[in-house]
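Q: The structure is given below, and queries will be raised subsequently.
The numbers here are math on the coordinates, done by the rules we state, and not lab data. Because the structure is a prediction, the values reported are computed rather than measured. Cβ coordinates were reconstructed from backbone atoms using ideal geometry, including for glycine residues, and neighbour counts include every protein chain displayed.
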Amino acid sequence: MTKIIAQEGSIAAKTIVNCDIQLGYSKEEYKADLENREREVTERLNVEHALKTDLLHKDLKIAEFEKLSLKEEKHEIQKRLASVEKSYKTYVGELEKRIRDLENFRGSVSDDLLNQAKIALSHGDKSHADRLYVTIQEESIKPILLAAEASYQRGKIAEEDLQFKNAYEQFQKAIQLSPDNPTYLSSAGKLASKIGQYNSAISYYEKTLEIYKSNSESDMTAIADTKNNLAMVWNALANYDKAIELLQDALADDLERLPLSHPTIAIRHNNIGLTWYSLGQYNKAITHLELALKSNLENYGAHDPEVAVQWNNLGLSWAALGRYEKASKLLEQALHSDLKSYKNHNPTVATDQSNLGLVMKHMGEYEKSIEYYELALESDSKYFGFDHPTVANDHNNLGMMWKEYGDYEKAKTHLELALSSDLKTFGENHPIVKKEKEYLRQVNSILNRKGNISEFAKMTRSLH
């Protein structure tokens, strides 16, 4: 099993604040805050791992949810640090939007409190704004919609600070107070998807889309983004026909108003490409992935992580067509780029290593294949823990490699670990689980035959 990389939503246009407050939050401060947050999340992950064995069974699910949220936060921090210039601009745009959104509360709270929050936000200090929203939540039992907006804004602040569990809880509060607000629903769907709550994500996104479609004045960008994000949840659940239909609709919507070279169009092409890949339509996948690569090279340059995504996905598509030399060059480009962008034990680097392991296997370079697969497993296990689909995928890859190599005991060990994990994640009827069961059945069959032959040889010797 390979790892092909999806992309979310669209690229937001640059925003401008139409007020007297000037932003005073530098790129250096932003980077330092990210590095501090990374240390904090890493420490909390270490504590979560140490405490897990002491938890009661009923608390394990909560602990796993907390752990997965922290891991997603860490991954997002590392992505932002890998492209500080670009992520800083995006972050500043979000700060500017938060400042503008504070005007929604004008007249409901004192101007002094409002202005203090604006000044704090302009310097990257979101604690003052959060305290303002707490005040509004506590005092806004009468105007329910205002309390819902306060919850949503608290969620956005937590999300921007990469505190996903807290953000998700605030978005859920906002939805309880205002259940038909598509902005709240979409934000909850995005985080639910990010932390693996796929059924909840589908529910939020489908309701968002229904609301947008019922309003003739809805923003077409928001509709296309919702289709894209809903499609990627269906993709994660292996419902590729639904995914491709939604993605093609999103691309058609975007092409009506955006130029071909726009980064959002590249996202659509990437996601359509990976879905065609999942359906086994590799030539169609390559067509879309090459369009995405061309656009991202023009927009970002060769050293941007977005370009490495396209190299990875194209490499896998060429590998699926048996063009292993071409595939290995593209995957090596992706790995070389990502090693510069990310630290060791990063999921993106592990993805590159895993995919190179697959190509080396097909090229008959079994020792190199095992080496890459083991690097990926080591990295993913440290990052995700043991019962995670990505780690299960690594075990499956190693199991199949050892099967190819003729070491069936090692193959069995890895395949059993993969199956045990994926049964917990996906259940009995998922295509991945069915494949793993078949692989394990094949290995057990070989081991049984070998055992019978060995037993027969012993009996024959004893008769003589």
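Q: May I ask you to compute the full-extension gain from residue 79 to residue 425, defined as 0.36 nm times their residue separation minus their alpha-carbon distance, rounded to one decimal in nm?
A: 122.0 nm
Q: Now a separate question. Round to the nearest 10 and give me the degree value, 0 to 90, for the angle of helix 389-405's Cα axis relative to the longest principal axis of the chain.
A: 20 degrees
Q: Continuing with the same structure: Quick one: compute the contact order of region 278-339, relative version, from alpha carbon pairs under 8 angstrom and 6+ residues apart, as a percent.
A: 33 percent
Q: Okay, next question. Among the lysines, which fall within straight-line cross-link reach of residue 294, defined as a Cα-Cα distance under 22 Å, with same-chain neighbours fewer than 8 residues apart omitted?
A: The qualifying lysines are 3, 79, 86, 284, 326, 329, 340.
Q: Where does helix 431-463 land angle-wise versus the long Cα axis of the chain, in degrees 0 to 90, nearest 10?
A: The two axes meet at around 20 degrees.
Q: Further, regarding this structure: Quick check: pseudo-label points 7 Å beyond the Cα along Cα→Cβ at residue 245 and residue 100, how many nm apart are they?
A: 3.5 nm
Q: In whole percent, what relative contact order does the chain give with Cα contacts below 8 Å and a gap of six or more residues?
A: Here the relative contact order equals 11 percent.
Q: Report Rg (one decimal) and Dmax (nearest whole number) for the chain, counting Cα atoms only, units Å.
A: 24.6, 101
Q: Same structure, new question: How much length is gained on full extension from residue 409 to residue 450, taking 0.36 nm per residue of separation minus their Cα-Cα distance?
A: Residue separation times 0.36 nm, minus the Cα-Cα distance, leaves 13.6 nm.
Q: For region 228-309, what log10 I(q)/I(0) values come out of the Debye formula at q = 0.11, 0.18, 0.25, 0.27 1/Å, with one point per alpha carbon and no solvent?
A: -0.27, -0.71, -1.18, -1.27
Q: For an R0 of 56 angstrom, estimate the FRET efficiency from the Cβ-Cβ distance between residue 125 and residue 340 and round to the nearest 0.05.
A: 0.95
Q: Moving on. Could you list the GluC sites (Glu not before Pro) in region 192-222 that lie in coil according to DSSP, counting only those with at most 15 other Cβ atoms within 10 Å of their Cβ?
A: Answer by residue number: 217.
Q: Work out the length of the dipole vector of region 336-412 about its Cα centre, built from +1 on the beta-carbon of each Lys and Arg and -1 on the beta-carbon of each Asp and Glu, and round it to the nearest 20 debye.
A: 120 debye
Q: When the scattering of region 323-438 is computed by the Debye formula from its Cα atoms alone, each counted once and equally, what is log10 I(q)/I(0) at q = 0.10, 0.21, 0.23 Å⁻¹?
A: -0.29, -1.14, -1.26
Q: Helix 144-160: angle to the longest alpha-carbon principal axis of the chain, degrees 0 to 90, nearest 10?
A: The two axes meet at around 50 degrees.
Q: What is the distance, in nm, between label points placed 7 Å from the Cα along the Cα-to-Cβ direction at residue 437 and at residue 66?
A: 3.5 nm
Q: Additional query: Simple spin-label model, 7 Å along Cα-to-Cβ: residue 382 to residue 329 in nm?
A: 3.2 nm
Q: How long is the gain from residue 203 to residue 111 if the chain were fully straight, where each residue apart is worth 0.36 nm and the alpha carbon distance is subtracted?
A: 29.3 nm
Q: List the trypsin sites (Lys or Arg not before Pro) within region 314-373 that fall in a DSSP loop (any state other than H, G, I, E or B) and whose Cβ has at most 14 other Cβ atoms within 10 Å.
A: Answer by residue number: 343.
Q: Using the Karplus equation 6.51 cos²θ - 1.76 cosθ + 1.60 (θ = phi - 60°), what ³J(HN,Hα) coupling, rounded to whole Hz, does each residue of region 369-378 give in order, writing x for Gly and Pro?
A: Taking θ as phi minus 60°, the curve returns 4, 4, 4, 5, 4, 5, 4, 5, 5, 4 Hz for region 369-378.
Q: Something else: So what are the ³J(HN,Hα) numbers for region 196-204, from phi and the Karplus equation (6.51, -1.76, 1.60; θ = phi - 60°), rounded to whole Hz, Gly and Pro as x?
A: Once rounded to whole Hz, the list reads x, 8, 5, 5, 5, 4, 4, 4, 5.
Q: In Å, what is the Rg of the alpha-carbon atoms in region 403-450, and how long is Dmax?
A: Looking at region 403-450, its Cα Rg and Dmax stand at 11.0, 33 Å.
Q: Now for a separate question. Say the dipole of the chain comes from +1 at the beta carbon of Lys and Arg and -1 at that of Asp and Glu; which of 176, 322, 110 then lies farthest toward its positive end?
A: 322
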